[in-house]
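In what follows, a structure is listed as C-alpha cells, so that the remarks can point back to it.
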Amino acid sequence: MADNRSVPPGRTPLSGRLTAALALLVLSPVCAEYLIGYDSIIGRPRELLTGLLLLAPLYGSVAVLIREAVRRRWPSILLLSAAFGLIQAGLIDQSLFNPHFVDDASWARERQPTLVPAVGVSVHHLLGFVVGHVIWSFTAPVVVIESCVPRLADRPWLGRVGLTAMAVLYACAVVVFFHEHTRTFMASPAQLGVTGAVAAALVASAFVLPRRPAPSPGRVPSPWSVGGGAVVALAVHQLVPAGWWGTVLDLVVLCAGGGALLCWSRRTGWGRRHALMAGGAALVVNAGLSFVVVPLGGDTSPVAKYAANATLTAAVLALLMWADSRLLRFGPRTAPTTTAAGAEAAGG
C-alpha cells in the first residue's frame, strides 16, 4: 500500500485509496470465513481462491460501505456491523433459523441447548453469529486496514462510482446466496419481519448517534495490555460451551470487554495502536484456534489443513506487524489522538 509520503496535506492519490478499499474487500471474507478454518475447503487452495469471488462481494463490500458511511465513528460502525450480521444470518442464508443448515451433528449440539422454540432461535447461535460478523467480518478488518494506511484513515476512500460498485456487488451476492440457501428452507414471515425490523432499527440508530465528544483525561492501559485482554476475552467467546451458563458467561465477558474499550477510547491517551492491538487480537485468536478446529465433514487432508492454517497465520502476523510499523512511523504525525474528535468533525 502506498505510504503517500510525497502527497501534500489534504490530497490523497486515487491509487492509495483504491488499494486500501480493495485490501479491505479481501481481508473481510478471509477473517469471516477462512481464518478459523471450519470449512472443509480449507485444504483446497483453488476453492479458497474461487470462493473469494463470491465472499468478497458478500462480506468485503459491506465492510467497505460501513467504513465509508461512518468512518472513525466506532459505536456507529458496531451498530451497522450488527445490522448487517443480522441480515446475513437471519435474512440471506437464514442460518439463524434453519435447524438443518449444516449437515453435521455439531450443528444440533450447539443449537439445541439454548433453543427458544417459540421463535425458533438458539440464543447461543444468535450471539455467536452476530458478534462474529461484528468483530471478524467487519470491525477488525476495518481497524487493521486503516492501520496500514494511517494517512488515509480519516479520509474517504471511494467516490460515488466506487460506492455504487460496492452496492451492486453486494446486491448480486445477496441474490446468489439467498437463492442457494433458501431452496430447501425458508424462515417464517414473522421471523423474517422481526429480523428486518431489528436490523432497520440498528441502522437508524447508527446514523442518529451523536458524534464522539472531545477526549477526556484518564488512564489508558498500554497497547499490548489492551491486545492481551482482547485475546483473553475473544478466546472465551470462541471456546465457551453452548449451554445457557456458557452463553451468559460469553455475554458478560463481551459486555465487560466492550465497555472497557469504549471507556478507554474516549480518553486522551488512546491511540491507533490501541485500536490495532484490539482488532489484531481477533485475527490472532481465530488463527490460533484454527489448528484445533476440525473442519466440517471430516474428510479434509490433515497435511493440507495445517498447511493452510500455518499460511494464513503467518500472513496475519506479517500484516499486523507491518500495520504496527506503519503506525509507529506515520501515525503520530498524521492523526494525534488528542485531535481525533476534531478530525471526525471535519472529515465526517
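Coordinate-derived values only; no laboratory data. A quick note: this is a predicted structure, and the numbers were derived from the prediction, not measured. Here the Cβ positions follow ideal geometry from the backbone for every residue, glycine too, while neighbour counts run over all protein chains shown.
Some points to look at:
- Cα-based shape type of the stretch 270-319, given that a ≥ b ≥ c are square roots of the gyration tensor eigenvalues and the cut on a/c is 1.5: prolate
- Largest GNM mean-square fluctuation across Thr184, Thr300, Thr313, computed for the chain with C-alpha springs under 10 Å, falls on Thr184.
- Site-free segments of the chain were taken between trypsin sites (Lys or Arg not before Pro) in DSSP loops having at most 10 other Cβ atoms within 10 Å, sites themselves excluded; the longest one is 12-182.
- Of Leu276, Leu319, Leu327, the one that fluctuates the most in a GNM where the chain has Cα springs shorter than 10 Å: Leu319
- Convex hull volume per residue for the stretch 1-142, taking Cα atoms only, in Å³: 124 Å³
- Shape analysis of the stretch 184-228 places it in the oblate category; the axes a ≥ b ≥ c from the Cα gyration tensor give an a/c of at least 1.5, with a/b not above b/c.
- Counting 0.36 nm for each residue step from Cys263 to Thr50 and taking away their Cα separation leaves a gain of 72.6 nm.
- Estimated translational D of the stretch 76-126 in µm²/s (Stokes, Kirkwood radius over Cα pairs; 4 °C; 1.567 mPa s): 112 µm²/s
- Multiplying the residue separation of Arg211 and Met321 by 0.36 nm and subtracting their alpha-carbon distance yields 36.5 nm.
- Gain in span if fully extended, Phe178 to Cys255, counting 0.36 nm per residue against the direct Cα distance: 24.5 nm
- For the chain, built as a Gaussian network whose Cα springs stay under 10 Å, the top-fluctuating residue of Phe97, Phe84, Phe291: Phe291
- Mean separation of Cα contacts under 8 Å, 6 or more apart, over the residue count of the chain: relative contact order %: 29 percent
- Inter-label distance, nm, simple model (7 Å from Cα along the C-beta direction), Val293/Leu18: 3.3 nm
- Normalised Debye scattering of the chain at q = 0.08, 0.10 Å⁻¹ gives log10 I(q)/I(0) of -0.38, -0.60, counting only Cα atoms as equal scatterers and leaving out solvent.
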